[in-house]
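Below is one structure, written out as structure tokens; comments come after it.
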Amino acid sequence: MAVASKKEFRSSALLGLGAIALAAILWAVGANVAQGLFQSGITPFELVEARATISAVGLGVLSGLQTRKLSIWKNFQINGWILMLGLALALVNFTYYFAIARLEVAVAIVIQYTAPALIVLWIALTTRRLPSFSVGAAATAAIVGVVLVAQVSGGDVSQLDTIGLGSAFLSAILFATYTLLAERVGMANDAVTVMLKGFIVASLFWIAVQLPQGFPTSLIQANNLLGVLFVGVGGTLLPFLFYCWGIQRVRADRAAIAATLEPAIAAVIAWFWFGQALTPLQILGSILVLGAVLILQLNQKADL
């Protein structure tokens, strides 16, 4: 029985990592579609509202199909943890899109993916144990890597968008926050219920923000509608659902390292899609960031 249990655990963890890897691929494609929408005139405010609302509606339909009844709505409660998760989802979506609207896709995403390092540091704080030398060295390498990634090709300082960089760093903090919250909330709920409640909070938040400005008609223009729908379904609903499902099968730290596939995938897509080639220093920085995060994740059990 013990052997079978171990095999089942490994199988479940493998499926969880596979789901998170799929989420990373969808996020990477969605990021590039989003940047194309920004170039056509849609604002980050408008797109983040659309993706949250589409996800909430889609997850509601999915929940209804899953249960074939409305029992989920009879005792539908949003507690403090769900509220914080929803607000984290709302704000990470906005800061993420705001960053890629002002920066190259690869730069914004690599900065966002310092989040796994933040998760490890948070665990170190909450367990009141100082990280080992290797953890400190990895964190330093991540900071150096981010600085290199943020450099502008050709050395033109005027191209350095400090607001975009600040938004990208904030998205990293929020990414770490919702990952930890999703792990906590997911202990008592299935993935669909967790994401449904979270996106209901996120969509209501952004509808309240957007309402005084009127309906964003640019979202339903013929040349934008297909991209908006993809960002809502393929770039938000499905990957967040896969990510939450995966977190329930692997720890938050392991989930975060699997999700770091996104920067590399997004960089390749952006290279061919928008011609956003990275400089050698930016490539080195990307390697340092992802390598540092990998070291932190793989050595967490031994180091913390």
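The values are calculated or read from the model by the stated rules, or taken from the named source; none is laboratory data. What you see is a predicted model; the values in this text were computed from it and never measured. Note: ideal-geometry Cβ built from the backbone for every residue, glycine included; neighbour counts use all protein chains shown.
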Criterion first (over 11 Å from Tyr97 (Cα atoms) and either of a type outside the set (A, V, I, L, M) or touching a residue at least 40 places away in the same chain (Cβ under 8 Å) (or both)) does Ala24 satisfy it?
yes
Being at pLDDT below 90 and aliphatic (A, V, I, L, M) is the filter; apply it to segment 209-228 and report the residue that is surrounded by the most Cβ atoms within 10 Å (Cβ to Cβ).
Leu219
Counting only residues that are in a helix (DSSP H, G or I) and either acidic (Asp, Glu) or modelled with pLDDT of 80 or more (or both), which one in segment 98-107 is surrounded by the most Cβ atoms within 10 Å (Cβ to Cβ)?
Ala99
Show the residue pairs that are 6+ apart or on different chains and have beta-carbon atoms under 8 Å apart, the first residue being within segment 161-186 and over 12 Å from Ala88 (Cβ atoms), the second being at pLDDT 90 or above and buried (at least 19 other Cβ atoms within 10 Å of the Cβ).
Ser167/Thr95; Ala168/Thr95
Do you know which residues across segment 200-238 are more than 12 Å from Arg51 (Cα to Cα) and not hydrophobic (A, V, I, L, M, F, W, C)?
Gln210, Pro212, Gln213, Gly214, Pro216, Thr217, Ser218, Gln221, Asn223, Asn224
Looking only at residues that are at pLDDT 70 or above and surrounded by 17 or more Cβ atoms within 10 Å (Cβ to Cβ) in segment 123-137, which one is nearest to Ile173 (Cα to Cα)?
Ile123
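Here's the yes/no breakdown for (1) modelled with pLDDT of 85 or more; (2) not polar (S, T, N, Q):
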| site | (1), (2) |
| --- | --- |
| Phe230 | yes, yes |
| Thr236 | yes, no |
| Ile257 | no, yes |
| Leu288 | no, yes |
| Ala292 | no, yes |
Residue by residue through segment 67-93, note down the ones that are within 16 Å of Met187 (Cα to Cα), modelled with pLDDT under 90 and part of a helix (DSSP H, G or I).
Gly80, Trp81, Ile82
Among the residues of segment 10-33, which ones are at pLDDT below 80 and hydrophobic (A, V, I, L, M, F, W, C)?
Ala13, Leu14, Leu17
The conditions are (1) of a type in the set (Ser, Thr, Tyr); (2) modelled with pLDDT under 80; (3) touching a Gly at 6+ places or on another chain (Cβ under 9 Å), and Ser203 fails exactly one of them. Which is it?
(2)
